[in-house]
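Worksheet for the structure shown next.
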Amino acid sequence: MKNVIISMQNRLLSEAIAGSLAESGLFRIEQILPGKTNDTLALCCALQAEILFMEVSPLRDYSLERRLDLIEEVRQSVPDCKFALICDENSHQELAQLVKRARQQQRIDAFFFTSVTPAYLTAALDAL
């Protein structure tokens, strides 16, 4: 089982993803509550996270810049952790392109749009 930390602004999205991943039996899930992004590094270190899965949005604490900075911090403390981002490609088209570019630049290991199916998301995270 892989340790997955989920940090999302959208509580409903977080619950849906956590439920789908837990249901597969392949993952141990810990969720960072919305507004508690400062807890992410400590939790990743404590649990030796294998995957940090985060939502990106225009909101300050969930911005791509903040998420990439956090990834660098976690990478220093948990070097084997993989990083995946998800964003709403319909509401934030420019942001979606920037997230895709972060993957092309190898700053993250995977990216997803919110339109992804639960089955694909589960399989892709398991393959990381």
According to a simple spin-label model (label point 7 Å from Cα along Cα-to-Cβ), what is the distance in nm between Ser115 and Lys2?
2.4 nm
Given a 1.4 Å probe and heavy atoms of the protein chains only, how would you sort Lys36, Lys2, Lys100, largest accessible area at the top?
Lys36, Lys100, Lys2
Roughly how many nanometres apart are two label points built 7 Å out from the Cα toward the Cβ at Gln104 and Glu72?
2.1 nm
Rounded to one decimal in nm, the spacing of the 7 Å Cα→Cβ label points at Glu65 and Glu15 is 3.3 nm
Ignoring any ligand, DNA or RNA, what whole percent of the accessible area of the stretch 1-85 comes from carbon and sulfur when the probe is 1.4 angstrom?
49 percent
Got the relative contact order for the chain handy, in percent, Cα pairs under 8 Å and 6 or more residues apart?
23 percent
Glu65 accessible area, 1.4 Å probe, all protein chains in place, Å² to nearest 10
130 Å²
Mind checking the log10 I(q)/I(0) for the chain at q = 0.15 Å⁻¹? Debye, one equal scatterer per Cα, no solvent, two decimals.
-0.61
How about Lys36: which lysines have a C-alpha closer than 21 Å to its C-alpha, ignoring those fewer than 8 places off in the same chain?
Lys82
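The values are calculated or read from the model by the stated rules, or taken from the named source; none is laboratory data. Since we're looking at a predicted model, the values are computed, not measured. Counting neighbours? That spans all protein chains shown, and the Cβs are built from the backbone with ideal geometry, glycine included. When the accessible area is computed, the model is the full protein with side chains, heavy atoms only, and any ligands, DNA or RNA have been set aside. Shrake-Rupley method; radii C 1.70, N 1.55, O 1.52, S 1.80 Å.
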